[in-house]
1. Go through (1) modelled with pLDDT under 90; (2) on the phi > 0 side of the Ramachandran plot; (3) open to solvent by 60 Å² or more (accessible area, probe 1.4 Å) for residue 288 and report which single condition fails.
2. Within segment 133-173, count every residue that is open to solvent by less than 20 Å² (accessible area, probe 1.4 Å), more than 17 Å from residue 286 (Cα to Cα) and not in a helix (DSSP H, G or I).
3. Within segment 221-240, identify whether any single residue is part of a helix (DSSP H, G or I), touching a helix residue (DSSP H, G or I) at 6+ places or on another chain (Cβ under 6 Å) and surrounded by 13 or more Cβ atoms within 10 Å (Cβ to Cβ), and answer yes or no.
4. Being at pLDDT 90 or above and of a type in the set (Ser, Thr, Tyr) is the filter here; which residues of segment 36-54 pass it?
5. What number of residues in segment 174-216 are charged (D, E, K, R), open to solvent by 50 Å² or more (accessible area, probe 1.4 Å) and over 16 Å from residue 161 (Cβ atoms)?
6. Give the residue, chosen from 234, 271, 264, that is within 20 Å of the chain's Cα centre (by Cα) and farther than 21 Å from residue 137 by Cα.
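The values are calculated or read from the model by the stated rules, or taken from the named source; none is laboratory data. Just so it is clear, the structure is predicted and the values come from calculations on it, not from any experiment. For neighbour counting, all protein chains shown are included, and Cβ atoms are generated from backbone atoms with ideal geometry for every residue, glycine included. Accessible surface is based on the protein model in full, side chains and every heavy atom, while ligands, DNA and RNA are left aside. Shrake-Rupley method; radii C 1.70, N 1.55, O 1.52, S 1.80 Å.
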Amino acid sequence: ALRGPVASVPAFSADAGDDAARRFIEFFTVNIRNKNTREAYFRAVSKFADWCDGRGLRLDALEPVAVAAYIEELGNDRPEPTVKQALAAIRMLFDWMVTGHIIAVNPAHAVRGPRYNVRRGKTPVLDAEQARQLLDSIDTNTLVGLRDRAIIASMCYTFARVGAVATLKVEDYFHQGKRWWFRLQEKNGKVIEMPAHHNLEAYLDAYLDAAGVRESRKSPLFRRADEKNHRELTDKPMTRLLVWKLVKRRAKAAGLPPEVCCHTFRATGITTYLKNGGTLEKAKYMAGHESARTTGLYDRREEEVSLDEVERIVI
């Protein structure tokens, strides 16, 4: 039996018969491999299904005007990226239904979403001094402190997403040649290998030596703390949510803006790398992006306005 969110089929699909209900479940379990995408698309489709149910609209009777009306209504109180993602999820679901011979045509095919042209990302970025301030503020006299410093440094120095860092195993930090390397499992099945920055290597070695887990190669690299004393580590791996919580806690303690999040360190690392002569193509590989244009969204070098530039406004 299916478990989790995909186990519940909305009425607008279930009412169309067993084949439609099964095809709906297969869309999420067979067609979408990325867990985060699966959850986001399920939420988007479920909201649309609830909207259809409230108006008595059935899957086999949906028309483009109904989908367009929903997208228009959604745009009244949701940002453009959310609306575009919702339309993409609905469109993909109906494509899946068409190829499964559940419906004849895709009613969302001709529906257009809002225009949204992104030139810069919204992720808050720290400068190198702030990032150093955060790392130095962590008390490393405790095992949890050593772990937290190593986690944040891993996101800064490798540009890794929080999901890739949280799922690292001890064997993913390995010796090759004269250096230690990282093996990161990124989105869409990408495996990225790169040498560890010397600061990151020092932080990881200090953490691993204190934790005593170097020989447990198949075990989680970053482990969650014991729930009772919060000083010892268990055998359980960290999760994205736990990493997010520690980032918020450490950023607040260091006096950094409350907007700092896990993705901040990805953007901070990329911007700092490019400031110091790094190339966009290499940053693209290290970040695991398909396009250099996506990597460019994390580049905040052009946002800096010097005092000399401001003084050019002679009035």
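1. (3)
2. Within segment 133-173, residues that are open to solvent by less than 20 Å² (accessible area, probe 1.4 Å), more than 17 Å from residue 286 (Cα to Cα) and not in a helix (DSSP H, G or I) number 1.
3. yes
4. If the condition is that a residue be at pLDDT 90 or above and of a type in the set (Ser, Thr, Tyr), then 41, 46 are the ones that fit.
5. The qualifying residues number 5.
6. 271
Residue-by-condition table, conditions (1) farther than 23 Å from residue 112 by Cβ; (2) without any contact (Cβ under 8 Å) to a residue 40 or more places away in the chain:
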residue	(1), (2)
9	yes, yes
25	yes, yes
29	yes, yes
57	no, no
74	no, yes
79	no, yes
